[in-house]
Every structure is written in structure tokens, then in C-alpha cells.
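Visitor: This structure is in C-alpha cells; I'll ask about it shortly.
The values are calculated or read from the model by the stated rules, or taken from the named source; none is laboratory data. These numbers come from a predicted model, not from an experiment. Don't worry about glycine lacking a Cβ; one is built from the backbone with ideal geometry, like all the others, and counts go over all protein chains shown. For the accessible areas, the whole protein counts, side chains as well, though only heavy atoms, and no ligand, DNA or RNA atoms are used. Shrake-Rupley method; radii C 1.70, N 1.55, O 1.52, S 1.80 Å.
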Amino acid sequence: MEKFAIGFVMGSVIGALLVANNQKMRALVKKAQDEAQEKIDAFMEEKIQTMEKCTQKASVQAEETVNAAVEQGKLKKRK
């Protein structure tokens, strides 16, 4: 009976340590995933903004080119 009680107590202690360790590990993994997701989101947002700026710049350049061609008489202006 004593061996059973000692085994039960030791098993409980070891089980509690494993569960606590797993909770810490899960918390670390979750934290690392959240940080990685934030970095990816920031990177993607930066890329999107860069692409929007390039698109706006290209649009302005195209409009200026068309206007210059219209002024030179190479193109007719649409109504």
C-alpha cells in the first residue's frame, strides 16, 4: 500500500510537471506564431503600399504621356 501511495504521489507530481511544461511550451509556440504572423502582416502591408505607389506613379506617367501626345497632335482627345 505504501508503494502504491508513493507511486501515486510521484505520478501526480510528474504529471503536474509535464502538464505545466506543456502549457509553457504551448504558450511559447503560440507567442512565436503570433509574432511571425505580425511580421508577415507588416511585410505584406509594406508590399501592398509599395505596389499602390508604383501603380499611382505609372498611372500619372501614362496620363502625362497621353496628354503630351494629344498636345502634339499625335492623338485625338476623346469626348
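Visitor: May I ask you to verify whether residue 61 is modelled with pLDDT under 90 and either open to solvent by 70 Å² or more (accessible area, probe 1.4 Å) or not hydrophobic (A, V, I, L, M, F, W, C) (or both)?
Guide: Against the criterion (modelled with pLDDT under 90 and either open to solvent by 70 Å² or more (accessible area, probe 1.4 Å) or not hydrophobic (A, V, I, L, M, F, W, C) (or both)), residue 61 does not qualify.
Visitor: Here is a list of conditions, (1) modelled with pLDDT of 85 or more; (2) β-branched (Val, Ile, Thr); (3) open to solvent by 100 Å² or more (accessible area, probe 1.4 Å), and residue 48 meets all of them except one; can you say which number that is?
Guide: Unmet condition: (3).
Visitor: Check whether at least one residue in segment 64-79 is open to solvent by 80 Å² or more (accessible area, probe 1.4 Å) and under 35 Å from the mean Cα position of the chain (by Cα), and report yes or no.
Guide: no
Visitor: Residue check: is residue 41 part of a helix (DSSP H, G or I), open to solvent by less than 80 Å² (accessible area, probe 1.4 Å), acidic (Asp, Glu) and modelled with pLDDT of 80 or more?
Guide: no
Visitor: Hey, another quick one. Have a look at 3, 24, 30, 53 and point out the one that is free of Cβ contacts under 8 Å to residues at least 60 places away in the same chain, of a type in the set (Lys, Arg) and loosely packed, with under 10 Cβ neighbours inside 10 Å.
Guide: None of the others qualify; the one that does is 3.
Visitor: Still on this structure: Sort through 60, 70 and tell me the only one that's part of a helix (DSSP H, G or I) and in contact with a Lys or Arg (Cβ under 7 Å, 6 or more places away or on another chain).
Guide: The match here is 70.
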